[in-house]
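Chemist: Questions regarding the structure given below will be posed in turn.
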Amino acid sequence: MDFYTVSINGTSPLLCSPGGGAGGGIERGDVMFRLLSQRLMAGLFIKGGADAFLQPGGRVELVGKTGLPKPRTMVELNGAAMVVGGTMLALDIAPRLAAAGLIASLVPTTLIGHAFWQAEDDMARKIHLTQFLKISRLSGGWCCWPQREIDFKINKEEHT
């Protein structure tokens with residue numbers, strides 16, 4: 001029986017039978033799952049970014065404490081970046097670029113908004129540490145999240 005190897009951006013090849021189905025192959029369900037997960041993630045960023053942009057509130061004070069210039073503008077720009085990146089992700093427009101932009105927007109959010117090392121009491125430290133780790137885990141997962149733009153290289157090979 002012939003098999004094909006599918007290499008995803010130079011990563012370890014997957015063995016797939018030519019017909020797909022239960023014997024292997026890239027399933028339509030995989031694409032649907034990816035698109036569903038993109039839309040679910042996008043909603044978080046669109047909502048959170050819109051909130052930061054439209055109602056910066058206490059975020060401005062936190063950013064102001066860091067010494068960054070124009071803290072309100074910084075918060076609004078970060079919120080706008082989240083809305084744009086989330087929208088791109090939801091619409092499947094350059095999803096890798098969108099994910100990279102969202103990761104970049106999470107860096108200041110995480111370092112400034114969840115600075116657990118500066119928390120005054122144990123409860124606040126625990127809450128901020130949990131949020132810091134959640135965001136770090138999310139960012140790490142996105143670094144290896146396969147997207148539509150994956151370059152599938154199919155080479156016909158015989159495997160014994």
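Here, each number is a calculation from the coordinates, and none is a lab measurement. Because the structure is a prediction, the values reported are computed rather than measured. Positions of Cβ are backbone-derived with ideal geometry, glycine not excepted, and every protein chain shown enters the neighbour counts.
Chemist: Determine ³J(HN,Hα), in whole Hz, for all residues of region 57-65 in sequence, where each value follows from phi through the Karplus function 6.51 cos²θ - 1.76 cosθ + 1.60 and θ = phi - 60°; x replaces Gly and Pro.
Modeler: Result, rounded to whole Hz: x, x, 4, 4, 4, 4, 5, x, 5.
Chemist: Under 13 Å from the Cβ of L133, count the other residues' Cβ atoms, weight Lys and Arg +1, Asp and Glu -1, and hand me the total.
Modeler: My count for the surroundings of L133 gives +4.
Chemist: Quick check on the exposure proxy: order I127, I135, I93 from fewest to most C-beta atoms within 10 angstrom.
Modeler: In increasing order of surrounding Cβ atoms, one gets I93, I127, I135.
Chemist: Testing the spin-label approximation: label points 7 Å from Cα along Cα→Cβ at L129 and T87. State their distance in nm.
Modeler: 3.9
Chemist: Here's another thing I want to ask about it. Cβ under 13 Å from L77's Cβ, L77 left aside: what net charge do those residues give with Lys, Arg +1 and Asp, Glu -1?
Modeler: +2
Chemist: Oh, and also: Give me V84, V75, V31, V63 ranked fewest to most by other Cβ atoms within 10 Å of their Cβ, as a rough exposure proxy.
Modeler: Starting with the residue having the fewest Cβ neighbours, the order is V31, V84, V63, V75.
Chemist: Here is a further query. At a 10 Å Cβ-Cβ cut-off, how would you order L62, L106, fewest neighbours first?
Modeler: L62, L106
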